[in-house]
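S.K.: Sharing a structure with you now.
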Amino acid sequence: QVQLRESGGGLVQAGGSLRLSCAASGRILSINAMGWYRQAPGKQRELVCAITKDGTTNYADSVNGRFTISRDNAKTTVSLQMNSLKPEDTAVYYCNAVRYGINFWGQGTQVTVSS
């Protein structure tokens with residue numbers, strides 16, 4: 001099992017910045033990728049960005065150029081720096097890890113961007 005603990009999030013005005021962090025514990029060896037998803041009210045959960053074990057990153061078009069995913073050297077913590085936030089970025093953000101094809105999820109953290 002992989003446990004994911006998120007921190008960060010909160011309320012920010014449009015144009016502001018927030019930083020999310022996710023610490024992985026448990027069976028962290030052989031985690032293939034980690035990333036962030038988000039789910040807004042009434043919408044499906046969507047991929048925000050991800051980073052693979054070799055450092056390849058992938059971003060949703062809607063956040064490309066504004067959000068940056070990074071990882072510590074131990075590859076157990078990923079962070080999401082969110083700049084130029086927009087009201088449409090408001091959602092619950094979930095940390096995700098994939099290990100042997102199995103998805104693990106954090107509990108989610110609320111990000112609210114006011115206009």
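The values are calculated or read from the model by the stated rules, or taken from the named source; none is laboratory data. Quick caveat, the model's predicted, so the values are computed rather than measured. Every residue, glycine among them, receives a Cβ derived from its backbone with ideal geometry; neighbour counts consider all protein chains shown. Quick note on the areas: whole protein, heavy atoms, side chains included, nothing else; ligands and nucleic acids left out. Shrake-Rupley method; radii C 1.70, N 1.55, O 1.52, S 1.80 Å.
S.K.: Find which of 31, 107, 42 sits farthest along the positive direction of the dipole of the stretch 20-114, computed with +1 on the beta-carbon of Lys and Arg, -1 on that of Asp and Glu, about the Cα centre.
M.R.: Of the options given, the answer is 31.
S.K.: Then there's this: Given points 7 Å out from each Cα along the Cα-Cβ axis, report the residue 3 to residue 53 separation in nanometres with one decimal.
M.R.: 2.2
S.K.: PRE reach from residue 110 (point 7 Å along Cα→Cβ): which of the stretch 10-41 fall under 20 Å by backbone N?
M.R.: 10-22, 37-41
S.K.: Here's a follow-up. Would you mind counting up the charge near residue 15? Only other residues with Cβ under 15 Å from its Cβ, with Lys and Arg at +1 and Asp and Glu at -1. Could the numbers behind the result be given before it?
M.R.: Numbers: positive: 66, 86; negative: 88, 89.
Neighbour charge sum, excluding residue 15 itself: 0.
S.K.: Something else about it: Under a 1.4 Å probe, what is the accessible area of the chain per residue, stated in Å²? Don't skip to the end; give the middle numbers.
M.R.: Values: 6200 Å² over 115 residues.
It amounts to 54 Å² per residue over the chain.
S.K.: Then there is this: With a sphere of radius 11 Å drawn around the Cβ of residue 96, what net charge do the other residues whose Cβ falls strictly inside it have (Lys, Arg +1; Asp, Glu -1)?
M.R.: Working: positive: 38, 45, 99; negative: 6.
Neighbourhood net charge equals +2.
S.K.: In what order, largest first, do 5, 71 sit by accessible area if the probe radius is 1.4 Å?
M.R.: Greatest to least solvent exposure: 5, 71.
S.K.: To continue, here is another question. Just the number, please: percent antiparallel of the DSSP beta bridges in the chain, rounded to the nearest 5.
M.R.: Numbers: 42 of 47 bridges.
Of all bridge pairs located within the chain, approximately 90 percent are antiparallel.
S.K.: For the chain, give me every cysteine whose Cβ has no other Cys Cβ within less than 4.7 Å, ordered by residue number.
M.R.: Cysteines of the chain left without a disulfide-compatible partner: 49.
S.K.: Round to a whole number: what % of the accessible area of the stretch 24-115 belongs to carbon and sulfur, probe 1.4 Å? The partial results should precede the final answer.
M.R.: On the way: 2330 of 4910 Å².
Its accessible area is 47 percent carbon and sulfur atoms.
S.K.: Find the relative contact order for the stretch 52-115 and round it to a whole percent, using C-alpha pairs within less than 8 Å whose residues are 6+ positions apart.
M.R.: Details: 68 pairs, mean separation 15.6, N = 64.
Normalised by residue count, the contact order of the stretch 52-115 is 24 percent.
S.K.: Could you list which residues have their amide H under 5 Å from that of residue 67, counting only those 5 or more apart in sequence or on another chain, with H placed in the peptide plane?
M.R.: Amide H to amide H, under 5 Å and 5 or more residues apart or across chains, residue 67 pairs with 83.
S.K.: To continue, here is another question. Rounded if a/c is under 1.5, else prolate if a/b is larger than b/c, else oblate: which is the stretch 65-115, with a ≥ b ≥ c the root eigenvalues of its Cα gyration tensor? Mind showing how you got there, number by number?
M.R.: Details: a/c = 2.82, a/b = 1.61, b/c = 1.75.
Taking the square roots of the gyration eigenvalues as a ≥ b ≥ c, the stretch 65-115 is oblate.
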